[in-house]
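Written below as structure tokens is the structure these notes are about.
Just so it is clear, none of the values below were taken in a lab; they were calculated from the coordinates. Just so it is clear, the model here is predicted, and its values are computed rather than measured. With ideal geometry, Cβ positions are generated from the backbone for all residues, glycine too; neighbour counts draw on all protein chains shown.
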Amino acid sequence: MKAQSGNALFLILIAVALFAALSYAVTNSGRGGGGIDREQASLIASQIIQEVGRVQTARMRLNISGGYDQIHFDDSSETSSGNIYEGQTPTRTGNTVGIYAPGNGNLVPSIPDAAFTVVDSGTGVFMQYMAAGRDNDNNGSKDAELGTTASDVILRINDLNRGVCEALNSELRGAPDIPTFLVPTGAGGTFSQVFNVADSTFSSAGTTTVVVMPEPPVCAAFNNSSTIFQFFYPIEIN
């Protein structure tokens, strides 16, 4: 009798353990990385892609209607003496205007905080002017220019959640796999116009870094990091 009772208790404990394991598996099967579920990650990825579309449409409209030398990623007003950027520094002046200038009818970028691992002074949506490099085989080295040696215009979003990064790659590349990107030293310069997510302001800065990435559009991990994910979308390849 005691043996039977012991066996029954043992079977009950096994059943409880199996139920707990099954519950954990079911709960986590619906989750993406970064603490948000896959459905939310997919929704945010769609919002980011729509935001990119808004930027491209605004640039196209302004180029057709205004004949500008360069469309800036900020709220600067139209001017005939704006800086024209190629790489780290302005090379000349010309007709410029900001996509989000008053009167252009474009709201500032709108990406939910849940998209990011952190929202601080470094979190932003960047428009970068640089001669970006291409890493064709994802081995961490530059294989070719993204276009030519002239500056490309790349939209970049940093501090993204892994789940959002995977969802972006699934949507744009057909698979959630996250490749790597790197920032080699001595590769030239970059000028960035930035929408700061934390306080909804614009700023700009020049740096000596240039990104080497897999074929964009892509969300990639910095130097094989498990926490640093950034999205790159080519707005204009030169």
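Observations on the model:
- Highest average packing first - 40-50, 74-84, Cβ atoms within 10 Å: 40-50, 74-84
- For q = 0.13, 0.14 Å⁻¹, Debye-computed log10 I/I(0) when each Cα of region 38-236 counts as one equal scatterer: -0.68, -0.79
- Projected label points at Glu236 and Ala198, each 7 Å from Cα along the beta carbon direction, are separated by 3.0 nanometres.
- Semi-axes of the equivalent ellipsoid of region 121-238 are 19, 19, 12 Å, computed as sqrt(5λ) over the eigenvalues of the C-alpha gyration tensor in descending order.
- Neighbourhood net charge (11 Å Cβ-Cβ; Lys/Arg +1, Asp/Glu -1) for Ser42: -3
- In this rough spin-label picture, where each label sits 7 Å from Cα along the Cβ direction, the Asn223-Asp120 distance is 1.8 nm.
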